[in-house]
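All remarks here apply to the structure that follows.
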Amino acid sequence: MNVQWQAWRDRRGDRTRVLSRQQARITELVAYARQHSPYYRSLYTDLTRDFRLTDLPPTAKPELMAHFDEWVTDPAVRLSDLDVHLADPARIGTLFRDRYLVSTSSGSSGQRAVLLQDEPMRKVANTLGALRAMPALGVGLVREIAARGGRMANLVATDGHFGGVATAEFQRAQRPSRADRLRVFSVHAPIEETVAALNEYQPAMLGGYATAQVALAHEQLAGRLRIAPVLITTGGEAIPAADRALLAQAFGAEVRNQYGCSEFMLLTFACALDRLHINDDWAILEPVDDRGHPVSPGVPSTSVLLTNLANRVQPIIRYNLGDSITIDPDICGCGRQYPTLRVQGRTNDLLELQAPDGTTVRLLPLAVTTVVDGLPGVRRFQIVQTTPTHLHIRLDATNPDAWPRLREKLTTYLAKQGLGTVEVTLDQTPPQRDPSTGKFKLVTVAKQT
């Protein structure tokens, strides 16, 4: 049975059929991983034939990246070759060895991952978007989007092979006739440039990072931005209720949340009742507490384990995402039986820095972190704003050249934003987790005492 037909047949999420299909896919995935991945072959040495998913040991990004060449199932794929691909901006959205779409996680957990999508994974993602996510918006909203031209503006980091831009550029190249209906706008660009470009483009849909959208909402209310999107989809960051209300007020549009990750972009879809349904026929999410034990529906998790049932080249099985989610205990009123969730995720702080003329310049946290993400020798970093004119950098690095390189890239970016007088200094304190939440924040504003 092909992927499209299965997705259409399972659109209501019948539990008996979906859970049966899910179990078959788990069995197939684990068998494939044991046969083709040296890492999993070793990890599952003592696995019995009648295993359950919860019998498998959890996996984590640092361990998998340390054994990357043994993790992947294609012996022709080597991390050293991928590093060459990733070092070339012209290759963003192109296939590695004409087979695999390559992206990197944004390092929001403090460490970057290099991720591959094979053709079956891409087919599943496209199908879930077209046959599940879009129809779930409701007929009326879909018609409004089409009537406005169907143009999508995506606000993402563009200076690296990040999931959002890599996927968008790949899709644009695959379907040139639709390229104008999907445009990427860089969160690194000065806000006035983005405003001018959006005024010209006039999107029907506005997607991307929530903090970037909030910054544009202020521009819309000030009258500088003049667009009328029908739908705003927020993703990449948790969004507070007040910011969500601001988006709805500024744009007069439907605001829907998304939850996905570079390891599985289409984890969820939002229905007309604005609840996030998990595509659990292809992706399994296990919310766990701080000891790795499962938590019940209705209880916020400390983290969540992801199993991607579609990707074979890079098996992701009980992979620790680090996000806090809550599985809803009830069935959604829209009629779909796919479980729903609420996500806390990780929330970085918005930086408000002072320009030489005394004005305040707001910088999006993901825009700042992606400037320095992936630098050679940087294992983990944290940006701490101590005053409106001072940033401290906490750094875990493997070589002494990492700090000067990081400082140069960050100060160059700040200067382009009109913040050339902001001081950037090295803090001898290593990166720290938030003492109140236990979460790791890449960008934080120090509390003034």
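The values are calculated or read from the model by the stated rules, or taken from the named source; none is laboratory data. All figures in this text were calculated on a predicted structure; none of them were measured in a lab. Cβ atoms come from the backbone with ideal geometry, glycine included; neighbour counts cover every protein chain shown.
Points to keep in mind about this one:
- Evaluation of ALA272 against the conditions (1) crowded, with 22+ Cβ neighbours inside 10 Å; (2) touching a helix residue (DSSP H, G or I) at 6+ places or on another chain (Cβ under 8 Å) shows that the sole unmet condition is (1).
- Index of the failed condition, ALA7 passing every other in (1) among the small types (Gly, Ala, Ser); (2) at pLDDT 95 or above; (3) in a helix (DSSP H, G or I): (2)
- Qualifying residues in segment 10-31 (those that are assigned to a helix (DSSP H, G or I) and of a type in the set (Lys, Arg)) - the one nearest to ALA310 (Cα to Cα): ARG25
- Wholly within segment 315-419, strands (runs of 3 or more DSSP E) carrying at least 2 residues that are more than 21 Å from PRO430 (Cα to Cα) and in contact (Cβ under 8 Å) with a residue 24 or more places away in the chain: 325-327, 340-343, 351-354, 360-363
So that you can scan it fast, the table gives a plain yes or no per residue for (1) loosely packed, with under 15 Cβ neighbours inside 10 Å; (2) at pLDDT 90 or above; (3) closer than 20 Å to SER105 by Cβ; (4) of a type outside the set (A, V, I, L, M):
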{"residue": "PRO356", "(1), (2), (3), (4)": "yes, yes, no, yes"}
{"residue": "LEU364", "(1), (2), (3), (4)": "no, no, yes, no"}
{"residue": "THR370", "(1), (2), (3), (4)": "no, no, yes, yes"}
{"residue": "ASP373", "(1), (2), (3), (4)": "no, no, yes, yes"}
{"residue": "GLN385", "(1), (2), (3), (4)": "no, yes, no, yes"}
{"residue": "HIS390", "(1), (2), (3), (4)": "no, yes, no, yes"}
{"residue": "PRO400", "(1), (2), (3), (4)": "yes, no, no, yes"}
{"residue": "ALA415", "(1), (2), (3), (4)": "yes, yes, no, no"}
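- Residue check for LEU221: in the same structural domain as CYS261 (by TED's automatic domain parsing) and more than 24 Å from the chain's Cα centre (by Cα): yes
- Qualifying positions in segment 292-314 - outside any loop (DSSP other than H, G, I, E, B) and either crowded, with 19+ Cβ neighbours inside 10 Å or free of Cβ contacts under 8 Å to residues at least 12 places away in the same chain (or both): SER303, VAL304, LEU305, LEU306, THR307, ASN308
- Residues located in segment 240-250, provided they are surrounded by fewer than 23 Cβ atoms within 10 Å (Cβ to Cβ) and in contact with a helix residue (DSSP H, G or I) (Cβ under 6 Å, 6 or more places away or on another chain): ASP243, LEU246, ALA250
- Residue count, segment 121-150 (criterion: of a type in the set (A, V, I, L, M) and outside any helix (DSSP H, G or I)): 1
- Hits in segment 183-212 (condition: part of a loop (DSSP other than H, G, I, E, B) and either out of contact with any strand residue (DSSP E or B) (no Cβ under 8 Å at 6 or more places or on another chain) or assigned by TED's automatic domain parsing to the domain that holds PRO365 (or both)): HIS188, ALA189, PRO190, GLN202
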